[in-house]
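S.K.: What follows is a structure written as structure tokens; I'll ask about it next.
The values are calculated or read from the model by the stated rules, or taken from the named source; none is laboratory data. All values reported here derive from a predicted model rather than from experimental measurement. Reconstructed Cβ throughout: ideal geometry from the backbone, glycine too, with neighbour counts over all protein chains shown. What goes into the accessible areas is simple: the full protein's heavy atoms, side chains included, and nothing from ligands, DNA or RNA. Shrake-Rupley method; radii C 1.70, N 1.55, O 1.52, S 1.80 Å.
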Amino acid sequence: MAAVFQKFTMKSTVFLLLLAALTCGFTQGNDNDSQELQVETLVQPETCSVLSRMGDTLKIHYTGKLLDGKVIDSSLSMDPLVVELGKRTVIAGLEQSLVGVCEGQKIKTTIPSHLAYGKKGYPPTIPGDAVLEFEVEVVSLTQQTPWQKMVTDVLPLVCLALVPTLLGLVGLYLYNKANAEKPSKKKSKDKKMKKK
């Protein structure tokens, strides 16, 4: 009887844990809207033949604000900011929102804190867990050349493959050197005797 009760209890426990996990997942699903990157197009150019992608270089003008409207940063009084997508020169949320835009496009992006400055913020300007809002104008878009693509995509893989190969060759050399026959003193004496 105790074995049946224990088996029933174990099944009940597993069922209750799964039910609790699913319930937590559904309740967190409603909160995800504020945790996702939101991009809104303000101005779309008449012709948009080339969309930005990772590796491309953009020149942008931007204004960053907190949700209360306080401006935290702007490039409008300076030269446009140069952003090379994939190089993490700007916060993750801004970089993600710049993928798929074209020259002349203006966007408004709402960036959740985990894609901006996180729990710590950037004191004293940006408090912790701050959601940021950026208005961005893409001034110019320069696509990555095939040569640049090869250097950024293929070269690291080749280097990554070369390191184990070189280590293997060094290991093989050391192994062969350690296992090579060492001439004994007796053999060298015999060779000297034969020469005389």
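S.K.: Give the cross-link partners of K59 among the aspartates and glutamates, using a straight C-alpha distance below 18 Å as the criterion and excluding same-chain residues fewer than 8 apart.
M.R.: Reachable aspartates and glutamates: D73, D79, E84, E95, E103, E135, E137.
S.K.: Past 32 Å, Cα to Cα: identify those pairs from K120/K149; K65/K149; K87/K108, in the order given. Please list the in-between numbers first.
M.R.: Details: K120/K149 35 Å; K65/K149 34 Å; K87/K108 22 Å.
Pairs exceeding the cut-off: K120/K149; K65/K149.
S.K.: Just grab the label-to-label distance for T89 and V139, each label 7 Å out from Cα along the Cβ direction, in nm (one decimal).
M.R.: Here the modelled spin labels are 1.2 nm apart.
S.K.: Now for a separate question. What does the extension gain come out to for R53 and L37, with contour length at 0.36 nm per residue minus their alpha carbon separation?
M.R.: Details: separation 16, 0.36 × 16 = 5.76 nm, distance 1.72 nm.
Taking R53 through L37 to full extension adds about 4.0 nm, to one decimal.
S.K.: State in Å² the accessible area per residue of the range 113-158; use a 1.4 Å probe, count heavy atoms of protein chains only, and round to the nearest integer. Before the final figure, lay out each step's value.
M.R.: Working: 3050 Å² over 46 residues.
That works out to 66 Å² for each residue.
S.K.: Could you give the nm distance between label points at E181 and D153, where each point is 7 Å from its Cα heading toward the beta carbon?
M.R.: Reported label-point gap for E181 and D153 is 5.4 nm.
S.K.: Take each of the peptides 69-82, 164-177, average the number of other beta-carbon atoms within 10 Å over its residues, and list them starting from the highest.
M.R.: The densest-packed peptide leads the list: 69-82, 164-177.
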